[in-house]
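Structure, as structure tokens:
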Amino acid sequence: MSRQNEAWDSLVRETHANPAFEAGRIGVALKAIREAAFSEGLTEDGIPEEIRLRAQAYRETFPGIALTPTALARHWFRVMAPTHTPQSAQQIEFDKLRSQP
């Protein structure tokens, strides 16, 4: 399985998307997520795990609001605290998870 497929699979799994019905939307969202992730210095290898972490942050930031591939892409930067502001306890925990092998 390629890393690109792993990113797709991660996005589908985390958002409970239906690839048979919404493959186009998933693809558009994944393209936007990749561009955002690359702008932050992530590599393709890190994207599946980052999708998982940001999906978790989305659910905590927007409880009760559906997480779709488009929503995750649209709020990619919003769900994680910027590095130039004091980090929240949540952000510190996400950073710890990100740094684990």
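Throughout, read-outs are computed from the coordinates displayed, never taken from laboratory work. Note that the structure is predicted; figures quoted are calculated from it, not measured. As a convention, Cβ positions derive from the backbone with ideal geometry for all residues, glycine included, and neighbour counts pool all protein chains shown.
Per-residue packing, averaged as other Cβ atoms within 10 Å, sorts the ranges 47-60, 14-27, 64-77 into the order 47-60, 64-77, 14-27, beginning with the highest. Farthest towards the positive end of the charge dipole of the chain, among the residues Asn18, Ser39, Ala89, is the Cα of Asn18, using unit charges on the Cβ of Lys, Arg, Asp and Glu. For segment 3-99, averaging the sequence separation of C-alpha pairs within contact (under 8 Å, six or more residues apart) and dividing by the residue count gives a relative contact order of 32 percent.
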